[in-house]
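Working notes for the structure below.
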Amino acid sequence: MGPPTQPAIAFVNPSVGFSDRRKSKPIGLAYIMAYLEKHGFPSSGFDFGDSEDDAVELAGTYGLDRFDVVGFSVYNESLRAAVAMAGWIKSRRPDCLIVLGGPHATAVHEHILRRHPCVDVVVRREGEEAMLELVRGLGDRARLTGIRGTTWRAPDGSGDDGSGDDGSGDDGSRGGGDDSSGGTGTGTGAVGLLVNKDRDLVPDLDQIPFPDAEFTSHSGYPDLTYYDEVQGRLKAALTICSSRSCPYNCSFCGVLTIGRTYRSREAERVVAELFHFRERHGVTYEHVYFSDANFFVSPARALEVAEALYEADPRVTFSFGTRVNQILKAAEVLPRLKECGLRFIELGIESASEPVLERLAKHVKPEVNMAAVRLLRRLGIEISLDFIMLDPATTLADIRANMEFLREAGFYDYVPHDHLYTALVLYEGTPIRDFYARRFGVVFDPDDLPNPFALFELTEVQRFSDTLRAFRKQWQGRIDRALAQGELALASLGDDFAEDGSRRDGPPEVGSRRAGSPGYGEGFSRMSHARLQLDVVSLRHAPNLLAERLLTDAEAGFPLLDRGGLEALLPCPGHDGVPLHDLIARTEAMAREAGCARAPDAVGPHGRD
């Protein structure tokens, strides 16, 4: 291959097959692009992550065949789209170097090269340094194929079995072992493959530039915001990753494929990144969503970051994700974090069933989950819920434990209701996928992500899941829209009513929610306001009540479902027991009466959009 002096490089985030309104830029690719840019190799980014369009048509529309190097970040869900694009590029540009990376590519690197001849190389684990070596070494095959952390097809192409499909039951094991300490020689991978030794993970994350990279995306990016209920205003928000990996070994987590070596950035660099993107985008970001796999590994470091942000700009608030046991171990740090702007924690509770927690390798008991929730409630720190309602071996007793926990912990008021409908996803490279492969006596196709709603061992759990999903399809969207309208109306009416429920007289104050909205809520009585409040709460509870009724029916052998179908299980929530359909209609009517003719789609918890 004879590359030009300056190779044309592209990075692609392929589609996962569905649209996600919370779409954000692929930060992993952005880091690689910024790293190459720093070393004199600019690149172009393409983000099709939420596209439902045909992969090959996207590749043609955006001219992916004009590049010398195309790298794809691959997850289980996006592998087929990536391979389709790569095949199209190779058919038009055979000399283009096709690179795959990311969690899924790392987990099944040998399989990918054996089954998909359009792929030239897989970069395992982190990609910054390996990609820089790749683009520097274009044209020198011997140099390229010796790069640590990469897997190649042998020069004679013998890694391809010629069928384009590997039906031999490949287990996706890593060639070259876990050795990250030596040389650039090849490991002991499958015949026909060159599996180089693992590359050391980047020890100093502060040497990597900020992920300042632009992506072409036909769907664009929604503005990331956070509604701060404490300050009573909507804030522009920014996602920042302040650390990498996690030292824990949850059996379902894809982070394990990259490695468990935890590394973090200095607090000053985190603050500098916030101000860099403020200036770069011309936006005063005042909330930071930390996207770390586990922000709270070191409570002392977390506090350093929080205090540095607060010192730089006291208006800045933040949120992060972590485990329940870490919350309890570092309880003394939480009040100070709150003083520095902590608004909510995304808490990895996952389940309230002890057998399920054991399968997930959480190494905590259900009572630890409850203790962490109660601690955060007592401190006034909001919770964003990470929960897995069902896994393939779930029993009705497991579901009962989950529902009792959600009620007792106060999550019946929690929105969105996504946690009610979740099922464990078996990602490649995770111990839980291997566990279920052995349990079922099957070999999962490495190219596929098994449908999590078709793996249940017990017929009663399968029927419970199917019925709950039918409710979601038929009713959840209507509930979400009515909730959005009702809550928007209540937020707008909040300035009209005093704390005792009486209506305030006089015009709205300048800057209030109702300022600039003549007639907003006029004639809306105190009684109507109270009823709307009750109905909004009832709508929040409705999906939980349906799940409870369905579970009780399942425990009895589904007599109600057999006689009357889903309609027989619909709850009549609220203070007056009104049917769900009527409750939705009444909430929407009262919202219109209050002046809310239409409302945006429901947003995520704690004002996230």
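The value obtained for region 215-456, namely the Cα convex hull volume divided by the number of residues, is 148 Å³ per residue. Remark: spin-label model distance E304-R478 equals 5.5 nm, labels positioned 7 Å along the Cα→Cβ axis. If the reach is capped at under 21 angstrom between alpha carbons, list the lysines near K25, excluding any in the same chain fewer than eight residues apart. Counting by Cα, and skipping residues close in sequence, K25 has these lysines nearby: K38, K235. Rounded to the nearest 0.05, the FRET efficiency derived from the C-beta distance between L375 and H581 at R0 = 35 Å is 0.35. A Förster radius of 56 Å, combined with the Cβ-Cβ distance separating L396 from D140, puts the computed FRET efficiency at roughly 0.35. Taking the Cβ-Cβ separation of L328 and Q462 as r and a Förster radius of 35 Å, what is the calculated FRET efficiency to the nearest 0.05? Efficiency at R0 = 35 Å is approximately 0.45.
Can you check what the net charge comes to around G102, using other residues whose Cβ is under 12 Å from the Cβ of G102 (Lys, Arg +1; Asp, Glu -1)? Intermediate values should be presented prior to the final figure.
Working: positive: R124, R125; negative: E77, E126, E428.
Spelling it out: positives minus negatives among the neighbours equals -1.
Could you give the C-alpha radius of gyration of region 13-162 expressed as a fraction of 2.2 N^0.38 Å, taking N as the number of residues it contains?
Numbers: Rg = 14.5 Å, N = 150, 2.2 N^0.38 = 14.8 Å.
That ratio works out to 0.98.
Ligands, DNA and RNA aside, R439 has an accessible area near 120 Å² when probed at 1.4 Å. Say a paramagnetic label sat at a point 7 Å from the Cα of R93, along Cα to Cβ; which residues of region 36-59 have their backbone N under 20 Å from it? Zone members listed by number: 36-37, 40-49, 54-59. Each Cα pair under 8 Å and six or more residues apart adds its sequence gap; the mean of these over the residue count of region 215-456 is a relative contact order of 17 percent.
Each Lys or Arg adds one and each Asp or Glu subtracts one; over the other residues with Cβ under 11 Å from the Cβ of T395, this totals -4. A simple spin-label model places pseudo-atoms 7 Å from Cα toward Cβ; at A491 and R315 they are separated by 1.9 nm. Taken along the Cα-to-beta-carbon direction at a fixed 7 Å, the label points for A454 and A589 span 4.4 nm. Residues whose amide H lies under 5 Å from that of S351, counting only those 5 or more places away or on a different chain, are I388; hydrogens are built 1.01 Å from N in the peptide plane. Straight-line reach from K329: taking Cα to Cα under 29 Å and skipping same-chain neighbours fewer than 8 places apart, the lysines in range are K338, K362, K365.
Residues in region 298-408 average 37 Å² of solvent-accessible surface per residue, probe 1.4 Å, ligands and nucleic acids excluded. Normalised Debye scattering of region 70-157 at q = 0.18, 0.23 Å⁻¹ gives log10 I(q)/I(0) of -0.72, -1.22, counting only Cα atoms as equal scatterers and leaving out solvent.
Ordered by 1.4 Å accessible area with all protein chains kept, Y62, Y35 run largest first as Y62, Y35. Each DSSP beta bridge with both residues in region 215-456 is either parallel or antiparallel, and the antiparallel ones are about 25%. To the nearest 10 square angstrom, what accessible area does I388 show with a 1.4 Å probe? We get 20 Å² for I388.
Please work out the ratio of the alpha-carbon Rg of region 344-425 to 2.2 N^0.38 Å and round it to two decimals.
1.02
The values are calculated or read from the model by the stated rules, or taken from the named source; none is laboratory data. Model, not experiment: these values are computed from the prediction. Please note: Cβ atoms are built from the backbone with ideal geometry, for glycine as well, and neighbour counts cover all protein chains shown. SASA here: full protein model, heavy atoms, side chains in, ligands and nucleic acids out. Shrake-Rupley method; radii C 1.70, N 1.55, O 1.52, S 1.80 Å.
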